[in-house]
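Working notes for the structure below.
Readers should treat all values here as calculations from the given coordinates under stated rules, not as data from a laboratory. Everything numeric in this text was worked out from a predicted model, so none of it was measured. As a convention, Cβ positions derive from the backbone with ideal geometry for all residues, glycine included, and neighbour counts pool all protein chains shown.
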Amino acid sequence: MASEKPAARPGNPRFSSGPCAKPPSFSLEQLNNAALGRSHRAAIGKAKLKDAIERTREILGIPADHLLGIVPASDTGAMEMAMW
């Protein structure tokens, strides 16, 4: 099912599909390095997660012998972390 282009533009030029408008400074150029439409299991997704974990470790001063990871923001993620 193909979508048709809307006949009218939104009154706010910073219209967003989210719950709020985009900030005036928003630009699509900011998404150049985004892995949109890619799985977190793809090489680029794994690399971005690894970078985020390493930077978090450095910023928070977490010792190298401590494990650090990113889990889903859900009860399932919390339970999995508690079990393991």
Test of understanding: what is the full-extension gain from A43 to T56, defined as 0.36 nm times their sequence separation minus their Cα-Cα distance?
2.7 nm
Rank S74, A42, T56 by how far each Cα sits towards the positive end of the charge dipole of region 1-83 (+1 on Lys, Arg Cβ; -1 on Asp, Glu Cβ) and give me just the farthest.
A42
Taking the Cβ of A47 as the centre, find all other residues whose Cβ is under 15 Å away and add up their charges (Lys, Arg: +1; Asp, Glu: -1).
+4
Rounded to the nearest 10 degrees, the helix 43-60 long axis (Cα) sits at an angle to the longest Cα principal axis of the chain of 60 degrees
State, as an integer percentage, the relative contact order of the chain based on alpha-carbon contacts under 8 Å between residues 6 or more apart.
11 percent
When log10 I(q)/I(0) by the Debye sum over Cα atoms at q = 0.13, 0.18 Å⁻¹ is calculated directly from the model, which label among [x] -0.75, -1.07; [y] -0.40, -0.75; [z] -0.45, -0.80 fits?
[x]
